[in-house]
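Notes follow the structure.
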Amino acid sequence: MATIVKSYEPTFWDRLYLPALAKGLAVTLKHFFRKKITIQYPDEKYVPPDGYRGLHRLNKYPDGKIRCVACEMCSAACPADCIHIIPGPSPWEDGKERFPVRFDIDLLRCIFCGFCEMACPEEAIELTEIYDFSNYTRDDLLIDKEGLLGVYELTKDTNYYSRPNAGQDSEALTSDKF
Amino acid sequence: MDFLGFVIICVKVLVVFSATMLTVLMMVYAERRVSAFMQGRLGPNRVGPQGLLQPIADGIKFLMKEDIIPAEVNKPIYLLAPAMLLIPALMTFAVIPFGSTITLFGREVPLQVADLNVGILYILALTSIGVYGLVLAGWASNSKYSLIGGLRSSAQLISYELAMGLSVVSVILLAGSLKLNVIVEDQQGYLLSWNVFKQPVAFLIFLVAVYAETNRLPFDLTEAEQELVGGYHTEYSSMKFAMFFTAEYANMVTAAALTVTLFFGGWDVPLLNETSMGALGAILSVLSFILKTAFFLFLFIWVRWTFPRFRYDQLMKLGWKVMLPLALINIFVTGGYLTLTSLR
Amino acid sequence: MLPLLFYFAAAIAVGTAISVVLSRNAVYSAILLVACFFSLALIYLLLEAYFLAVLEIFIYAGAIMVLFLFVIMLLNLGQEKAQEHFRYLQRGLSLFLVIVFFLGVSLILLSDSSVLHQSHETFSAGGVKVLGEALFTKYLLPFEVASLLLLVALIGTVYLAKQKI
């Protein structure tokens, strides 16, 4: 069934264009006084929502033991093949037998897909909200076990970007940290 | 001419020139800042307080850049073109009265560099001379983008010059003089004596024509980035490019000042007799002139970030089939009205 | 001071006019012609004909020459293509015309009854008012005829340029 669409016949005022022009000017003027959405990056930082996939961390139990059992599920799941684990016997007596002697992540290869945290049976590896960890050398972007545990200390309580003294130690993550 | 008069004129020239250049600098900053505000951004705010020193940083950048003269350009004309555009742009402001008279050293000094008795024609003549800079820059660059930009500008400016000139004619009819000072004095008094209210049609035609004459959006076909790279100044770099830029903004300043002079009472403050108030009146008049001009400069930017660019055939159609007949009818009506009222 | 300015402007006018003819590059010719118009405007200014001076720049330099330049650029005439077989005819004809024109002008200048020898006041065309009054009273018929001529030329051009109207 064909529907007949009546085309809009411009009125005199439409053909004069002036009211339309005024309307357009009003729109831009409204935006002129609107709140600006720019985030002035180094001074203010975007606070990512929960579930953001940024820098990795290695979780610990409340008593300070590493959760990771070096099962290598994460490195098997990793599509970029950036997680390298060397397992060893756990130094602690109770429970877990395995323990990562080395736990290295090549951040240059990582694609931040989050498969590792999904694969982890112990909820040991997690992606945090930290996004600005650029560095000057490639070596500085190879993060090891101590680095990953350090990220855990930084992010375990609050969102890294909305912590009380945010911005003051914004350089905490650069070069010498990893 | 005596020595004191000479000194006063020199000072006036210096003041007007530096004020124009300063406004140009401010406009470069304002353009970026206002456009950013209208797009929900902040714009340049790092150099100096609120980024106010940004144009100076830009200027230094232009000076430090490599001055490239492409091979195969027509060198003399290529070098001449920016100056041919900039000089008329800076000369135009000479006849615009920017305030009432002040008394200095016991003599009346009108706040205007030169009170030509063909003032308005002088401005029209100089704006029409400015085309050469664009056209020759386009031709001498030996680049197709530049050439198309130059061709477009010549046709566009001639088309809109007609409408602009004819819309001014009706204002001249009302004032009975080509002197800009007389046109301003004619609009003295209460608010409704401004020419916008007497000649709204002429004002609209003039405003549109001015945007076309200064190559501003929605009529910036001569430098339409999306199609012509940079239009006539595609091949220019460094300070020569900055000269084109300066000329464009100087033209805008003059155009805004001219709009104020012709249609918004110039330095007139409504309901106030500035000439009888001495120094205070002069200061008030200059302030009102600056404020009005600033509004029209803002309007230039405002319009630029609101309306899309015209197509070339639309531009020509608007100029020849709408603006020109409308301006002619307006002159006819104004002339008829004036004749009828003078008969009675 | 004033005679010096006149000779300066006149020298530029003559120099640029000669270079307009001699220049091989059409764009150079156009620019030189604009310079010539400017020096002519300066001479008008010295004669206190402000209105004519500004009109000279406004109409000739600002509108007509821009159109010429437009056409030159549109046809992309750079270096003149020498058409040898027209050369001699062209030169002879132009020389003849120049001589006729020169003789005519000098005859007018030398004759006593010419308008050029009228007093300064009656011939002043400086003011807009004087010029307007002259155009709309004394010279109304020539003025209107000239505008009609322009209209005829305009229609003729459109007819020639457009096969189908």
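The values are calculated or read from the model by the stated rules, or taken from the named source; none is laboratory data. Just so we're clear, the structure is a prediction, and the values are computed from it rather than from any experiment. For neighbour counting, all protein chains shown are included, and Cβ atoms are generated from backbone atoms with ideal geometry for every residue, glycine included. Just so you know, the surface numbers come from the protein's heavy atoms only, side chains and all, with ligands and any DNA or RNA stripped out. Shrake-Rupley method; radii C 1.70, N 1.55, O 1.52, S 1.80 Å.
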Given the conditions (1) buried (at least 19 other Cβ atoms within 10 Å of the Cβ); (2) out of contact with any helix residue (DSSP H, G or I) (no Cβ under 6 Å at 6 or more places or on another chain); (3) of a type in the set (A, V, I, L, M, F, W, C), every one holds for B:I290 apart from (1)
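Yes/no per residue for (1) within 13 Å of another protein chain (Cβ to nearest Cβ); (2) in a helix (DSSP H, G or I):
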| site | (1), (2) |
| --- | --- |
| B:V28 | no, yes |
| B:R32 | no, yes |
| B:P55 | no, yes |
| B:K61 | no, yes |
| B:I69 | no, no |
| B:I77 | yes, yes |
| B:P82 | no, yes |
Check your understanding: Quick one: is C:L74 more than 9 Å from chain B (Cβ to nearest Cβ) and open to solvent by 50 Å² or more (accessible area, probe 1.4 Å)?
Key -> no
Counted residues in the stretch A:90-126 being farther than 14 Å from A:L142 by Cα, touching a Lys or Arg at 6+ places or on another chain (Cβ under 7 Å) and not hydroxyl-bearing (S, T, Y) come to 8
Selection from the stretch B:96-134 of residues of a type in the set (F, W, Y) and either more than 14 Å from chain C (Cβ to nearest Cβ) or closer than 19 Å to B:K179 by Cβ (or both) yields B:F98, B:F105, B:Y122
A careful count of residues in the stretch A:116-135 that are over 14 Å from the mean Cα position of the chain (by Cα) and surrounded by fewer than 18 Cβ atoms within 10 Å (Cβ to Cβ) gives 6
Restricting attention to the stretch B:137-160, the residues that are touching a residue at least 24 places away in the same chain (Cβ under 8 Å) and within 7 Å of chain C (Cβ to nearest Cβ) number exactly 4
Among residues of the stretch C:24-37 being surrounded by 17 or more Cβ atoms within 10 Å (Cβ to Cβ) and more than 12 Å from chain B (Cβ to nearest Cβ), the residue nearest to C:R87 (Cα to Cα) is C:S29
The condition from (1) within 24 Å of A:E153 (Cβ to Cβ); (2) open to solvent by 80 Å² or more (accessible area, probe 1.4 Å) that A:D104 misses is numbered (2)
**Report entry** Verdict on B:N251 being within 20 Å of the chain's Cα centre (by Cα) and on the phi > 0 side of the Ramachandran plot
**Finding:** no
Selection from the stretch B:233-255 of residues farther than 18 Å from B:A19 by Cβ and among the β-branched types (V, I, T) yields B:T234
Scanning the stretch A:7-25 for residues that are within 9 Å of chain B (Cβ to nearest Cβ) and either hydrophobic (A, V, I, L, M, F, W, C) or under 30 Å from A:G150 (Cβ atoms) (or both), the one least open to solvent (accessible area, probe 1.4 Å) turns out to be A:L25
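Restrict the check to the stretch A:62-69 and report whether at least one residue is among the charged types (D, E, K, R) and in contact with a helix residue (DSSP H, G or I) (Cβ under 8 Å, 6 or more places away or on another chain).
Initial filter on the stretch A:62-69 (among the charged types (D, E, K, R)): A:63, A:65, A:67.
If we keep only those that are in contact with a helix residue (DSSP H, G or I) (Cβ under 8 Å, 6 or more places away or on another chain) as well, we get none.
There is no residue in the stretch A:62-69 that is among the charged types (D, E, K, R) and in contact with a helix residue (DSSP H, G or I) (Cβ under 8 Å, 6 or more places away or on another chain).
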Over the stretch B:34-53, the set of residues within 14 Å of chain A (Cβ to nearest Cβ) and either among the charged types (D, E, K, R) or open to solvent by 80 Å² or more (accessible area, probe 1.4 Å) (or both) is B:Q39, B:R41, B:R46, B:Q50
Would you mind stating whether B:I8 is within 29 Å of B:G265 (Cα to Cα) and in a helix (DSSP H, G or I)? yes
